[in-house]
1. For label points placed 7 Å from Cα toward Cβ, what is the shortest-first list of nm distances from B:Ala170 to its copies?
2. Suppose every Lys and Arg Cβ carries +1 and every Asp and Glu Cβ carries -1, with no other charges. What dipole size does region B:7-123 come out with about its Cα centre, to the nearest 20 debye?
3. If you count, for every residue in A:224-231, the Cβ atoms of partner chains within 10 Å of its Cβ, what is the mean?
4. Taking each residue of B:16-29 in turn, how many C-beta atoms of other protein chains fall within 10 Å of its C-beta, and what is the average?
5. At 15 Å minimum axial length over the Cα atoms and a Kyte-Doolittle cut of 0.5, report the qualifying DSSP H helices in chain B, or say none.
6. Leaving out ligands, DNA and RNA, calculate the buried accessible area for the pair A and B with a 1.4 Å probe, summed over both sides, in Å² to the nearest 100.
7. Relative contact order (percent) for region A:186-312, with alpha-carbon contacts under 8 angstrom and 6 or more residues of separation?
8. Relative contact order of chain B: what whole-number percent is it, with Cα pairs under 8 angstrom and at least 6 residues apart?
Protein chains: 2
Amino acid sequence: MKKLINNPDAVVRESLQGFAAAHPDLVQVHFDPTYVVRADGAQDGKVGVVSGGGSGHEPMHNGYVGRGMLDAACPGEVFTSPTPDQMQAATEAVDGGAGVLHLVKNYTGDVMNFDMAADLAEDGGTDVRSVVINDDVAVEDSTYTAGRRGVGATVLIEKICGAAAADGYALDDVADLAAACNEDARSMGMALTSCTVPSAGEPTFDLGEEEMEIGIGIHGEPGRERKDIAPADEVVDLLMEPVIADRPFTDGDDVLLFVNSMGGTPMIELYLAYRKAVEVAEAHGLNVVRNLVGPYITSLEMAGMSVTLLQMTEERIRLWDAPVHTPGLRWGA
Amino acid sequence: MKKLINNPDAVVRESLQGFAAAHPDLVQVHFDPTYVVRADGAQDGKVGVVSGGGSGHEPMHNGYVGRGMLDAACPGEVFTSPTPDQMQAATEAVDGGAGVLHLVKNYTGDVMNFDMAADLAEDGGTDVRSVVINDDVAVEDSTYTAGRRGVGATVLIEKICGAAAADGYALDDVADLAAACNEDARSMGMALTSCTVPSAGEPTFDLGEEEMEIGIGIHGEPGRERKDIAPADEVVDLLMEPVIADRPFTDGDDVLLFVNSMGGTPMIELYLAYRKAVEVAEAHGLNVVRNLVGPYITSLEMAGMSVTLLQMTEERIRLWDAPVHTPGLRWGA
């Protein structure tokens, strides 16, 4: 296992220590229970926005804590759900009196633990709403999921809802916006290589030297099919067409196009893929009014990519463009 | 070769097409000769700042073209110097009457071609100053270099000098600042894996399953030594100690600490390494007043990291903090 780590069991903790040291202006990191909270804590009268999940998808979620996006995040061990006590502590730390929204990717452990945390926080007097994100069109049920998995749309919804909360939206309105964005988003990913969870010490799955997996999950869960590796333009077609067809996105729709690296795929390839993704979108009459290209929801060092389309409205464009200052996403601030 | 590409010979062109499609507000991409220029072209009365080099190090350099950093960049083929006609065209495209600074990483082809381009541009009436960057302490001469290689300091100098040019500094003053920053910067890198140049189709070098290369170059050139892979904290020591000793950086120095991924090393590992790098810096009495952590000067999908230290002054801190809006680095705008 070729990784820049010390003890496989200390990876998340030591990484969070470095993260805290790098961004003291933006975040505080608490341990036992472990959560990341914006440096200036709960904002009086503002809805708190909290997410979390297994580590290994950085910059998601810790990297989106700061101003204008998440108020707190709960990192689990690599590819492992965080526990309810982490989520409860994070929730209470960002309750400024206007309630807290949980943005939960649809994985069985995350959903169950966020449900328990919401109950605990409600018992403590914090209003909680939860929205489950399930944008992955690849498979209906999967290794860790009843129903569709939550993937790339999570990043977009965290940004848009974080901006809405900063803008003074009430809890129900931020939650409704998150649910509406989730309805209007679709994603699909693929892998060229596996990745290795440090505590496992060997690749999560095997993929032949000439193979790729279409519809891969962000923990390496099986997707739709294994195929021989193909030119990038074909790969992009295999992702974009099902994403467009599923909703369906139709002629004249304004969309945000998000082309994401799973981690090991470098920017030179990602922009090459973006070129084709725009072509496919435009061939369907979609207007790409905003885009995001880069490694924003990753699977450790996995090589591969995903595409996400989100229907945009004037409101969503305004909230997307609003200032954000986090370690992983920053503009206008 | 597992890459998201179509034709190995079209990678740079197709990637640049996607890059142009993603960032029309920031950049224009010209072909034949190929260069990237800020979307709003030459700025009247402002020094133009130009860099360039082989592709495969994204976001450097194309990703740093925009506002407050580079005015233009010349991408060569992967790991191959761009040609003088590219550099000349880029230089003339950003000449707003105050002259143009070339920031040149110290590789034989880059230096030679930028020299020729400077002569051609001078013949055409453009004032040009050139600063060669050579911050890599690993080796004195190397595969593509007489003298030390230019690596991580390039990113920092592009930011600081881009801000100085935006601030109205005269050509000689921007050039002097670049030279002074180069004097005050040191770097060293390491690799856990090789990378594959698309047109070559096989790894640039071989590294055993238990080996790492300390002092690696950004094109996979040999470094100081091959060793058995070691815990991250030891690796960071092997990079930080020579960097600190070389200048030397001494007790009380204010520094910017830049911990860079070679591409394939994910953020969870990079922050873990940053944690140790800060410890080493502080043990030497250095004050880490600014930092940068991420994949900013990469070698395709190579796993590994580099560290760069730059001595900071009040002026450099002010210029580092100044707004920047490029595809690869953005804040305050």
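The values are calculated or read from the model by the stated rules, or taken from the named source; none is laboratory data. Keep in mind it's a predicted model, so treat the numbers as computed, not measured. Here the Cβ positions follow ideal geometry from the backbone for every residue, glycine too, while neighbour counts run over all protein chains shown. Quick note on the areas: whole protein, heavy atoms, side chains included, nothing else; ligands and nucleic acids left out. Shrake-Rupley method; radii C 1.70, N 1.55, O 1.52, S 1.80 Å.
1. 6.3
2. Numbers: 5 positive and 17 negative charges, 84 e Å.
In total the dipole reaches around 400 debye.
3. Details: counts 0, 0, 0, 0, 0, 4, 2, 4.
Taking the mean over all residues of the peptide, I get 1.
4. The mean count of partner-chain Cβ atoms within 10 Å per residue comes to 5.
5. Helices passing the filter in chain B: B:11-22, B:153-166, B:232-246.
6. Chains A and B together bury roughly 4400 Å² of accessible area.
7. Working: 277 pairs, mean separation 43.7, N = 127.
Reported relative contact order: 34 percent.
8. Relative contact order for chain B comes out at 18 percent.
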